[in-house]
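Single-structure report; data block below.
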Amino acid sequence: MASPKKKLQGLVAATITPMTENGEINFSVIGQYVDYLVKEQGVKNIFVNGTTGEGLSLSVSERRQVAEEWVTKGKDKLDQVVIHVGALSLKESQELAQHAAEIGADGIAVIAPFFLKPWSKDVLINFLKEVAAAAPALPFYYYHIPALTGVKIRAEELLDGIQDKIPTFQGLKFSDTDLLDFGQCVDQNRQQQFAFLFGVDEFCIQRFINFVVKLENSKLKVSANQRALPLGTTDFPFLH
């Protein structure tokens, strides 16, 4: 069974694909991008050719070149380079998966096909299984992003028994706002030690802002009543 050098966890940067003014891929800045992530942001795991990287807008040749550049420039600097290899064509996905293995990527991820959509869990798993089998030595991750694919199969349902069908399955990139589904994925798969990556960044930021606002409001309410009730300090350093 494939297993990562270490569990994929912490921050994973979904990398953009740098372009020139003429719409060509600007490979020359990827090395600088790696150094920026590692030295300035402390991020050592990346997700390449996903939605942020506009992977599905690139040709297969371009996706291969981008993957190669990230793996090459990230050698001895990045911990894990996960390549998204999803495509509408099963053959193209398999080709990209094989290529990811050949260049030394640390894992592959696949989005659900979204033109002729899988209509059931079994159909989707069969597609994912065929792609995973093309790179049997690499950890495999499912990229769940129903807002773009239109595939409404719940991630929690998909994960039930998935390693029996896809032995290399190691986790999920969950890019949806259904936190009940995400919570059930985590809760019901603790023993498997899957990696669960939450991909809706703006959702996390908004929730954090709401949390801070609630704390600030609580602080004001407590301050107004301090003369009557000795409730202790109400200072929250990160609010100043």
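The values are calculated or read from the model by the stated rules, or taken from the named source; none is laboratory data. It should be emphasised that the depicted structure is a prediction, and the values quoted were computed from it without experimental measurement. Note: ideal-geometry Cβ built from the backbone for every residue, glycine included; neighbour counts use all protein chains shown. Protein only, heavy atoms only, side chains kept; ligands, DNA and RNA dropped before computing areas. Shrake-Rupley method; radii C 1.70, N 1.55, O 1.52, S 1.80 Å.
Structure values in brief
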| item | result |
| --- | --- |
| Selected residue (only one of LEU78, LEU138, LEU88, LEU148 is open to solvent by 70 Å² or more (accessible area, probe 1.4 Å) and either in contact (Cβ under 8 Å) with a residue 40 or more places away in the chain or polar (S, T, N, Q) (or both)) | LEU148 |
| Candidate set: region 50-68, residues that are of a type outside the set (A, V, I, L, M, F, W, C), open to solvent by 30 Å² or more (accessible area, probe 1.4 Å) and part of a helix (DSSP H, G or I); chosen: the one nearest to PHE115 (Cα to Cα) | SER57 |
| In region 157-198, residue farthest from the chain's Cα centre (by Cα) [restricted to those that are open to solvent by 10 Å² or more (accessible area, probe 1.4 Å) and touching a residue at least 40 places away in the same chain (Cβ under 8 Å)] | LYS165 |
| Members of region 106-127 found to be assigned to a loop (DSSP other than H, G, I, E, B) and touching a Pro at 6+ places or on another chain (Cβ under 9 Å), listed by number | ASP106, ALA112 |
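Rundown of residues vs (1) at pLDDT 95 or above; (2) under 18 Å from the mean Cα position of the chain (by Cα); (3) among the hydroxyl-bearing types (Ser, Thr, Tyr); (4) within 21 Å of ARG64 (Cβ to Cβ), yes/no style:
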{"site": "GLU92", "(1), (2), (3), (4)": "yes, no, no, yes"}
{"site": "LEU96", "(1), (2), (3), (4)": "yes, yes, no, yes"}
{"site": "ALA100", "(1), (2), (3), (4)": "yes, yes, no, yes"}
{"site": "GLY104", "(1), (2), (3), (4)": "yes, no, no, yes"}
{"site": "PRO113", "(1), (2), (3), (4)": "no, yes, no, yes"}
{"site": "LYS129", "(1), (2), (3), (4)": "yes, no, no, no"}
{"site": "ALA132", "(1), (2), (3), (4)": "yes, yes, no, yes"}
{"site": "ALA135", "(1), (2), (3), (4)": "yes, no, no, yes"}
